[in-house]
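These notes concern the structure reproduced below.
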Amino acid sequence: MQFFDNLKKGDFMKFEPEKFEKKWQERWEESSIYRADSSSKKPTCFVVDMFPYPSGSSMHVGHPRGYVGTDVYSRFKRMSGFNVLHPMGWDAFGLPAEETAIQNKEYPTVTVKRNIEKFKSQLMMLGLGYDWSREINTTDPAYYVHTQKIFLEFFRRGLAQNKTMAVNWCPELGTVLANEDIVDGKSERGNHPVFQRPMRQWILAITQYADRLVDDLALLPHWPEKIKIAQRNWIGRSEGHEFDFSTTANVNVPIFTTRIETLPGATFLVLAPESDITRKVVSYAKNQDQVEQYVEVTSQKTDLDRQLSREKTGVIVEGVTAKNPFTGMQIPIVVADYVLSSYGTGAIMAVPAHDERDAEIAKVFSLPLITVIETGRMVNADSLNGDTVEDAREKVSVMVDAKPKKRYKIRDWVFSRQRFWGEPFPIVWIEGRDNYELLSQGPIGKWLPNEPVFYVDGLIEHFAVPVLPEFLHAMRLPEVDSYQPTGTLEGPLAGIDQWVKAFLNPKTGEVSNQYNVDWMPVRRETNTMPQWAGSSWYWLRYMDPHNENVPFSKGSSQYWGPVNVYAGADHAVAHLIYARFWHKVMQDAGMVDFSEPFERLEFLGYILASDGSKISKRKGNSRSPEEVVQQVGADAFRLYEMFIGPFEKPIPWNDDGLIGCRRFLERVWRLAEKVIESNLAVSSPAVTSSINKSIQKVGNDIEVFRFNTAVSSMMTCLNEIQHSDVAISDFKAYICSLAPFAPHMTEEIWSMVGQKESIHVSSWPKATVEVGQDGNVVLSIQVNGKHRSKISVPRDIEEDSLKTLVLSDQSVQRHLSGKEVKKIIYVSGKAVNIVI
RNA sequence: GCCCAGGUGGUGGAAUGGUAUACACGAAGGACUUAAAAUCCUUUGAGCUUCGGUUCAUGCGGGUUCGACUCCCGCCCUGGGCACCA
């Protein structure tokens with residue numbers, strides 16, 4: 001690192017960013033130049049970073065890349081006349097903070113506060129122009145009270161329900177995990193085993209929005225196509241039919257299929273082990289014990305087991321058969337765990353000739369296989385023989401009275417966690433239907449769903465009662481010493497008496513720990529919301545961050561919304577589907593009047609370690625931003641983060657490249673001194689044209705997040721002009737185009753040339769002469785499509801005179817060598833191709 | 001298995017139908033210096049060359065086109081995501 005060591009020794013022109021970076025950062029904060037003004041008449045531009053989780057380990061050089069990108073973009077838009085809102089906040093609920101807090105024996109707010117301070121100072125150090133007056137923190141009661149209010153909208157609309165369901169229970173973490181929190185059958189966090197356990201859970205009925213979530217992707221032309229594809233696949237809408245098979249067991253088995261035309265080839269049925277219909281059918285089975293044993297064994301399997309072994313297992317239900325409604329044949333019934341109880345009806349018709357999985361299980365039990373489609377036509381299918389697949393589909397569905405049905409892969413969202421550090425549900429439980437009905441007469445009534453949410457424990461019915469928005473202070477997390485996992489399936493809150501036991505005033509809806517006459521005893525809900533909750537609506541809070549009454553005012557969302565650019569890591573399916581879902585529910589609740597939250601998405605590629613591996617603290621291959629800033633300054637660091645490669649591509653970090661960016665800034669600095677000394681009024685046309693070209697390219701590239709080529713065009717320009725005399729006006733324009741990337745140095749130069757206002761509130765320079773005004777263009781001369789020579793001609797040259805010129809070219813002559821010219825193709829402004 | 005994104009010099013990358021290798025790093029040589037660093041200049045895809053040029057190169061094989069890194073078809077490889085969804 002000799003270069004870095006010698007930086008301070010330069011004797012000619014001292015470029016010492018450490019002398020002015022801090023100064024400008026402070027002045028920008030003092031003069032509030034990044035504050036967004038919600039009353040300006042300018043067009044708005046709302047730029048949001050996916051907000052970080054402030055973890056205990058500090059940032060490495062990879063983290064700020066996205067923030068630098070959006071900072072450059074925001075500065076550019078501000079200079080281009082937009083009223084820019086570019087805020088920042090913290091997604092601070094969740095397991096890691098809770099675990100650190102338990103380890104350190106401190107309350108999580110302490111951990112979170114410390115981590116945020118650390119993260120914030122690291123961001124500040126880079127000169128990022130956030131509007132800190134709008135900073136948010138999902139764990140701040142002033143924020144999460146609104147998350148709770150929005151939950152009440154879900155509840156009131158019947159979208160928040162309780163279900164006892166098989167959930168992913170992780171004993172090590174003492175909590176239930178969402179599918180998205182599980183990687184390769186183990187918990188994403190800590191890599192612990194995960195088991196299926198039945199448990200009462202809160203779920204959000206995202207499936208009710210599945211169609212809108214798919215269909216509205218069409219409203220998002222500025223989203224990357226691959227994300228839209230991923231979301232469509234995740235939601236997994238398929239259109240098919242549902243109909244019944246009668247059985248000798250006195251129950252009908254409903255099945256779902258997308259290939260109803262293959263019914264003639266259905267030679268058996270397969271039922272999912274856990275499904276209700278299996279329970280009914282099995283009671284008629286001769287081998288009831290054997291089937292029940294199979295069901296028991298499969299229920300013990302973990303997700304990991306299921307993934308490791310894909311061998312088809314199952315058991316034939318003896319003594320019971322089903323009737324194929326097309327052929328009239330009696331066919332066997334199999335219970336097998338490759339059929340999922342959670343999809344479709346939990347039962348399928350097996351067509352081994354046309355489905356690989358069915359074929360595998362057919363082989364295990366030597367069941368028959370009938371091919372019913374050959375080269376697009378029906379065969380072995382009686383009256384259908386010779387029909388096309390489409391015709392057969394139509395006929396069969398009429399014959400068996402099948403209902404058209406859409407099914408989705410996406411599941412309802414398991415929304416509760418058995419942890420302490422999350423938003424408490426704004427729900428208390430009351431015993432007995434009479435009490436519930438009494439409550440529905442009062443003010444609580446209008447917050448109740450049509451179908452009551454309840455569960456049965458022994459003989460007692462427990463009903464979910466919402467805590468009204470004005471009384472949510474009773475639903476703040478209690479500040480207690482002990483909040484460790486209980487080790488049972490219940491969360492820590494269940495072990496805290498002062499939390500669980502409460503009283504409800506049926507006349508007002510108020511909840512308190514204090515008993516009053518006529519108040520009803522209730523139990524507070526002890527689950528908390530998952531980390532996804534706070535991050536599913538936070539962009540809206542930025543628009544109106546200090547509103548105490550509502551999450552955000554309608555007016556503020558109309559003024560700023562939707563988010564114009566949303567940038568961050570690739571969360572193709574989880575966060576971005578949840579966020580869209582919440583947004584649509586809020587739209588239905590009348591809180592917002594646009595249907596998609598993010599107009600445009602820009603994904604960020606991770607920075608990798610120099611060997612191409614992932615940066616991780618354990619490997620010791622991380623590089624701290626502080627170190628880099630100390631060595632080359634914040635501007636050079638920012639510039640390099642942008643220059644290193646395309647924004648969306650993962651790139652290995654390499655210190656060597658950093659040097660080039662620092663050198664570039666030093667050369668600009670030296671040029672500044674020269675320009676200020678000579679104080680020239682007009683540059684040569686070549687210099688002016690070079691600068692203009694660069695400014696245009698930089699602007700165009702920033703607009704489409706191609707920061708790397710923007711930087712290189714400024715470098716090219718500097719190479720062209722640095723040994724010429726540059727007029728002060730041209731140089732100022734150049735500096736303006738560099739300002740979004742290197743805000744400190746450009747601000748310093750800006751003040752040196754006598755500007756009083758900040759460069760960051762100046763205007764993006766307009767090209768002062770038309771680029772390429774000299775009227776000549778350089779054409780490629782090609783022979784048979786191969787570039788051989790070039791020629792500079794007037795832009796509007798006549799084709800005939802051009803041909804004469806080209807044919808007399810030495811290089812062309814050499815390649816012609818007497819051969820006949822068949823034709824000449826002229827592509828205006830680009831190339832002339834001589835075909836021989 | 002399915003879906004997505006990629007494959008260009010020693011390295012990060014540029015060029016989305018028209019001058020392949022911009023920009024930067026690294027490397028070699030030179031200027032300045034007692035010397036070194038820094039800085040500046042020159043060279044830098046590979047081969048052949050009479051130093052004018054010329055041939056070959058964008059994972060592999062075909063195709064479309066006057067012309068293909070770019071579009072189409074078929075492979076190979078790398079990375080990421082999903083995964084028994086009937």
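The values are calculated or read from the model by the stated rules, or taken from the named source; none is laboratory data. Nothing here was measured: the structure is a model prediction, and the numbers come from that model. All Cβ positions, even for glycine, are placed from backbone atoms using ideal geometry, and neighbour counts span all protein chains on display. Accessible surface is based on the protein model in full, side chains and every heavy atom, while ligands, DNA and RNA are left aside. Shrake-Rupley method; radii C 1.70, N 1.55, O 1.52, S 1.80 Å.
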What tally of residues in segment A:84-103 results from selecting those that are in contact with a Ser or Thr (Cβ under 7 Å, 6 or more places away or on another chain) and over 19 Å from A:PRO545 (Cα atoms)? 4
Among (1) closer than 30 Å to A:GLU599 by Cβ; (2) open to solvent by 10 Å² or more (accessible area, probe 1.4 Å); (3) not aliphatic (A, V, I, L, M); (4) not in a helix (DSSP H, G or I), where does A:PHE705 come up short? (2)
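Within segment A:449-488, track down each residue that is of a type in the set (Asp, Glu) and either open to solvent by 90 Å² or more (accessible area, probe 1.4 Å) or modelled with pLDDT under 95 (or both). Before the answer, list the steps.
Let us first name the residues in segment A:449-488 that are of a type in the set (Asp, Glu), namely A:451, A:457, A:461, A:470, A:479, A:481.
If the condition is that a residue be of a type in the set (Asp, Glu) and either open to solvent by 90 Å² or more (accessible area, probe 1.4 Å) or modelled with pLDDT under 95 (or both), then A:GLU451, A:ASP457, A:GLU470, A:GLU479, A:ASP481 are the ones that fit.
Pick from A:GLU431, A:GLU423: which is of a type in the set (D, E, K, R), out of contact with any Lys or Arg (no Cβ under 8 Å at 6 or more places or on another chain), touching a residue at least 12 places away in the same chain (Cβ under 8 Å) and open to solvent by less than 20 Å² (accessible area, probe 1.4 Å)? Write out each step before concluding.
Values: A:GLU431 fails: open to solvent by less than 20 Å² (accessible area, probe 1.4 Å).
After applying the criteria, what remains is A:GLU423.
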Selection from segment A:371-386 of residues that are among the acidic types (Asp, Glu) and over 17 Å from A:ASP355 (Cα atoms): A:ASP382
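Residues in segment A:645-658 that are under 15 Å from A:VAL61 (Cβ atoms) and either part of a loop (DSSP other than H, G, I, E, B) or within 7 Å of RNA strand B (Cβ to nearest atom) (or both): how many? Steps first, answer last, please.
Residues of segment A:645-658 that are under 15 Å from A:VAL61 (Cβ atoms), as a first pass: A:645, A:650-658.
Within this subset, residues satisfying the condition of being either part of a loop (DSSP other than H, G, I, E, B) or within 7 Å of RNA strand B (Cβ to nearest atom) (or both) are A:645, A:650-654, A:656-657.
Residues in segment A:645-658 being under 15 Å from A:VAL61 (Cβ atoms) and either part of a loop (DSSP other than H, G, I, E, B) or within 7 Å of RNA strand B (Cβ to nearest atom) (or both): 8 in total.
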The correct count of residues that are open to solvent by less than 60 Å² (accessible area, probe 1.4 Å) and of a type outside the set (Ser, Thr, Tyr) in segment A:496-509 is 9
Of (1) buried (at least 18 other Cβ atoms within 10 Å of the Cβ); (2) within 30 Å of A:VAL704 (Cβ to Cβ), A:VAL253 fails just (2)
Taking A:SER689, is it open to solvent by 60 Å² or more (accessible area, probe 1.4 Å), more than 13 Å from RNA strand B (Cβ to nearest atom) and either over 13 Å from A:PHE664 (Cα atoms) or in a helix (DSSP H, G or I) (or both)? no
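Determine if segment A:718-731 includes at least one residue that is within 13 Å of RNA strand B (Cβ to nearest atom), open to solvent by less than 20 Å² (accessible area, probe 1.4 Å), assigned to a helix (DSSP H, G or I) and under 22 Å from A:ALA634 (Cβ atoms).
yes
Identify, from the list A:PHE365, A:PHE326, the residue that is open to solvent by 50 Å² or more (accessible area, probe 1.4 Å) and within 16 Å of RNA strand B (Cβ to nearest atom). Can you show your working first?
Details: A:PHE326 fails: open to solvent by 50 Å² or more (accessible area, probe 1.4 Å).
Among A:PHE365, A:PHE326, only A:PHE365 is open to solvent by 50 Å² or more (accessible area, probe 1.4 Å) and within 16 Å of RNA strand B (Cβ to nearest atom).
Taking strands (runs of 3 or more DSSP E) that fall entirely within segment A:515-613, which contain at least 1 residues that are open to solvent by less than 20 Å² (accessible area, probe 1.4 Å) and over 30 Å from A:PRO478 (Cβ atoms)? Lay out the reasoning, then the answer.
Values: elements: A:520-524, A:565-568, A:601-603.
So the answer is A:565-568, A:601-603.
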Name the single residue that is nearest to A:PRO352 (Cα to Cα) among those in segment A:215-232 being in contact (Cβ under 8 Å) with a residue 12 or more places away in the chain and open to solvent by 20 Å² or more (accessible area, probe 1.4 Å). A:ARG232
Just to be sure before I move on: is A:LYS697 more than 28 Å from A:ASP570 (Cα to Cα), assigned to a helix (DSSP H, G or I) and open to solvent by 50 Å² or more (accessible area, probe 1.4 Å) in the structure I sent? no
Hits in segment A:463-482 (condition: under 20 Å from A:PRO96 (Cα atoms) and more than 31 Å from the chain's Cα centre (by Cα)): A:PRO478, A:GLU479, A:VAL480, A:ASP481, A:SER482
Given the conditions (1) closer than 21 Å to A:GLU261 by Cβ; (2) of a type outside the set (Ser, Thr, Tyr); (3) in a loop (DSSP other than H, G, I, E, B); (4) open to solvent by less than 70 Å² (accessible area, probe 1.4 Å), report the number of the one that A:LYS312 does not fulfil. (1)
Whether any residue in segment A:236-259 is at pLDDT 90 or above and in a helix (DSSP H, G or I) is what I want to check. no
Filter segment A:666-688 for residues that are in contact with a Phe, Trp or Tyr (Cβ under 9 Å, 6 or more places away or on another chain) and of a type in the set (Val, Ile, Thr) and give the result. A:VAL668, A:VAL675, A:ILE676
Restrict the check to segment A:663-677 and report whether at least one residue is in a loop (DSSP other than H, G, I, E, B), aliphatic (A, V, I, L, M) and farther than 25 Å from A:GLY129 by Cα. no
Residue tally, condition under 25 Å from the mean Cα position of the chain (by Cα), buried (at least 16 other Cβ atoms within 10 Å of the Cβ) and within 15 Å of RNA strand B (Cβ to nearest atom), over segment A:615-637: 1
Mind checking whether some residue in segment A:196-211 is within 22 Å of A:GLU99 (Cβ to Cβ), open to solvent by 60 Å² or more (accessible area, probe 1.4 Å), assigned to a strand (DSSP E or B) and in contact with a strand residue (DSSP E or B) (Cβ under 9 Å, 6 or more places away or on another chain)? yes
May I ask you to verify whether A:ARG433 is under 30 Å from A:GLU99 (Cβ atoms) and of a type in the set (D, E, K, R)? no
